[in-house]
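Below is one structure, written out as C-alpha cells, with a few remarks after it.
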Amino acid sequence: QVQLAESGGGLVQSGGSLRLSCATSGSIFSPKAMGWYRQAPGKQRELVATITRSGNTNYSDAVRGRFTISTDNAKNTVYLQMNSLKPEDTAVYYCNAIIVHYDYWGQGTQVTVSS
C-alpha cells in the first residue's frame, strides 16, 4: 500500500520560512512526478509546485520566486522550501505523487502564517 508521509508544517510569522517534506513508501516503482498542492479554508485545492523525476519543475504564479521544490530520488522524497511566507500562504498543504498511472495523496500538513 502506497503511503505519503508529510512533515514540516507549523506556525510562522510573515516573512519567515518553512520546509515541508514528503516521503513515499510501499511501492516498488518510483514516482514519475511529485508535487505540492494547498487548500485554504473555503477555497479549492490548488497547485503549488510540481517536479518530474528528471527534474523539470512547475510553480504557480503565487509562489514562483519564493518557494523551491526539490527531490531526493534515492529516497523518493520531495521537499518544498518556502521563503518569504505571507498570510495568504496559510493552508493545508498536500503532497502528491504519480506512480505508474495512479495519483496518491498525503493527509496534509497545516501551514499557518501570521501577520
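So what is the accessible area of the chain per residue, in Å², with the probe set to 1.4 Å? Provide the component values of the computation, followed by the final result.
Values: 6310 Å² over 115 residues.
I get 55 Å² per residue for this part.
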Please identify every one of the chymotrypsin sites (Phe, Trp or Tyr not before Pro) in segment 15-70 that sits in a loop by DSSP and has no more than 16 other beta carbons within 10 Å of its own beta carbon. Phe29
Value in Å of the Kirkwood radius, where segment 65-115 supplies the Cα pairs that are averaged: 12.6
Along the dipole axis of the chain (charges at Cβ: +1 for Lys and Arg, -1 for Asp and Glu; origin at the Cα centre), the most positive-end residue among Gln44, Met34, Ser70 is Ser70
What are the lysines whose alpha-carbon lies under 21 Å from the alpha-carbon of Lys75, with same-chain residues fewer than 8 places away excluded? Lys32
Rounded to two decimals, what is Rg over Rh for segment 1-90 when you use alpha-carbon atoms and the Kirkwood radius? 0.97
Treating only Lys and Arg (+1) and Asp and Glu (-1) as charged, each at its beta carbon, one finds that segment 30-100 has a dipole about its Cα centre, in Debye to the nearest 20, of 100
Taking the alpha carbon gyration tensor of segment 42-95, what are the square roots of 5 times its eigenvalues, largest first, to the nearest whole Å? 21, 12, 11
How about Lys43: which lysines have a C-alpha closer than 20 Å to its C-alpha, ignoring those fewer than 8 places off in the same chain? Lys86
Take every Cα pair under 8 Å in the chain that's 6+ residues apart, average their separations, divide by the length, and report that relative contact order as a whole percent. 36
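The values are calculated or read from the model by the stated rules, or taken from the named source; none is laboratory data. What you are looking at is a predicted structure, and each value in this text was computed from that prediction instead of being measured. Glycine gets a Cβ as well: all are built from the backbone with ideal geometry, and neighbour counts include every protein chain shown. Protein only, heavy atoms only, side chains kept; ligands, DNA and RNA dropped before computing areas. Shrake-Rupley method; radii C 1.70, N 1.55, O 1.52, S 1.80 Å.
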